[in-house]
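The structure under discussion appears below in the form of structure tokens.
The values are calculated or read from the model by the stated rules, or taken from the named source; none is laboratory data. For clarity, every value in this text was computed on a predicted model and none was experimentally measured. Methodologically, a virtual Cβ is constructed for each residue, glycine included, from the backbone with ideal geometry; neighbour enumeration extends over all protein chains shown.
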């Protein structure tokens, strides 16, 4: 994974800057494999005696996640689960101080790896619409697992607005005043990623990353 994959973790950590971390900090990584973000989150919560619940429903990806956590020595601060992430909110209502949802997506930014652009950008609209619908369910579930006053970061590795801004708009429309957008203007190193409407967009051609 590239350095940009840790940007969502940096945004989450930055949201807690300036105040002591809650004792026993509880963080949900709702779609955790292969584990790079989980490892970074574990390092963060360790100082507060916290725990990261790393959720990955796919059995083979969950094994890779555990292998990576063992390799990096992160397991003392991580509990691994295999729940369908659409059920996180009903299983753990308002349980977490922070939630990271790096959602399954169409992966348009992966063209930087050399994959043909046509295979990513010419995807049928039906596929993108289906993914956006899934992401809406995932983001709703993740939000319902968040305690009042908690912080959630939503991210993807794709470029179209349907799977990004569109999903955030859905969350805001669904939960109204319960959602408050947090500014990202002071997040170090993101000056070229800032958008006028308050999002971060990591364009491959500008940042030399996915």
Residue in region 94-110 that is surrounded by the fewest Cβ atoms within 10 Å (Cβ to Cβ), counting only those that are in a loop (DSSP other than H, G, I, E, B) and in contact with a helix residue (DSSP H, G or I) (Cβ under 6 Å, 6 or more places away or on another chain): 106
Residue within region 1-14 that is in contact (Cβ under 8 Å) with a residue 24 or more places away in the chain and farther than 17 Å from residue 155 by Cβ present: no
Set 142, 169: member being part of a helix (DSSP H, G or I), more than 14 Å from the chain's Cα centre (by Cα) and modelled with pLDDT of 90 or more: 169
